[in-house]
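Reviewing the structure listed below.
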Amino acid sequence: MSHPLSLLQQRHSVPSRQLGEPGPDAATLQALLEAAIRVPDHGKLEPFRLILLQGDAKLAFGARLAELSLRVNPHMADAKREKDRTRYDFAPLVVAVIARIDASSTVPVIEQQLSAGCVAYNLLLGAGALGFGAQWLTGWAAYNREAAAILGLADNEQVIGFVHIGTPQIDVPDRERPVLANLVSTWTP
């Protein structure tokens, strides 16, 4: 029997360019998404939604972002622009995690954003638990309103991240992790 925390202790990202087929089938994806939305949600606002990018649609999204990047940053190096253009070519599934902010709510905006962030993290954990690899990426497109318009986001919505999910094509070594003792203290009055 594995240790109850082994999933967390072994969690690591697989670079999106190292993710390929197969991705989750329809039933597995449904189960993953249902699990991913089980997050803390102060006020039961459901301050998140998901946009699935798959197949030709994810390739078209990448191409539209590349076109937009020409206007946003005309001096971007060609290699960087090509990397942006092909960012969505590898993993069979990319889930855009969207925060839906209710500014009229008494729930602080940051709590609404964190709830959506928990959805993205649950996608990473769930993908790993199912034997897939995943990487949570942002980049300029996550913060650009014209990119948000390509996704059809409303004014009160923002991209929290793009979670790339697929089968690792290589073994990815874990990186060095922080030393817990450097990060924990005990408060005393």
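Data for the structure
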item	result
Identity of the residue in the stretch 5-18, within 15 Å of Ala129 (Cβ to Cβ) and of a type in the set (Ser, Thr, Tyr), that ends up surrounded by the fewest Cβ atoms within 10 Å (Cβ to Cβ)	Ser6
Matching residues, the stretch 86-113, being more than 15 Å from the chain's Cα centre (by Cα), surrounded by fewer than 20 Cβ atoms within 10 Å (Cβ to Cβ) and of a type in the set (S, T, N, Q)	Thr86, Ser104, Ser105, Thr106
Search result, residues across the stretch 105-114 that are polar (S, T, N, Q), farther than 17 Å from Thr138 by Cβ and not in a loop (DSSP other than H, G, I, E, B)	Gln112
Criterion: surrounded by fewer than 16 Cβ atoms within 10 Å (Cβ to Cβ), of a type in the set (D, E, K, R), at pLDDT 95 or above and more than 25 Å from Glu111 (Cβ to Cβ) - qualifying residue of Glu21, Glu46	Glu21
Where a residue in the stretch 1-27 is under 19 Å from Ala96 (Cα atoms) and free of Cβ contacts under 8 Å to residues at least 60 places away in the same chain and its partner, wherever it lies, is hydrophobic (A, V, I, L, M, F, W, C) and surrounded by 14 or more Cβ atoms within 10 Å (Cβ to Cβ), with Cβ under 6 Å and at least six apart	none
Where Lys80 falls short, out of the listed (1) surrounded by 11 or more Cβ atoms within 10 Å (Cβ to Cβ); (2) closer than 30 Å to Glu111 by Cα	(2)
The listed residue being surrounded by fewer than 16 Cβ atoms within 10 Å (Cβ to Cβ) and in contact (Cβ under 8 Å) with a residue 12 or more places away in the chain, out of Tyr143, Tyr121	Tyr143
Counted residues, the stretch 142-169 - those being of a type outside the set (S, T, N, Q) and under 22 Å from Thr28 (Cβ atoms)	7
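The values are calculated or read from the model by the stated rules, or taken from the named source; none is laboratory data. Since we're looking at a predicted model, the values are computed, not measured. Neighbour counts are summed over all protein chains in view; Cβ atoms, including those assigned to glycine, are modelled from backbone coordinates with ideal geometry.
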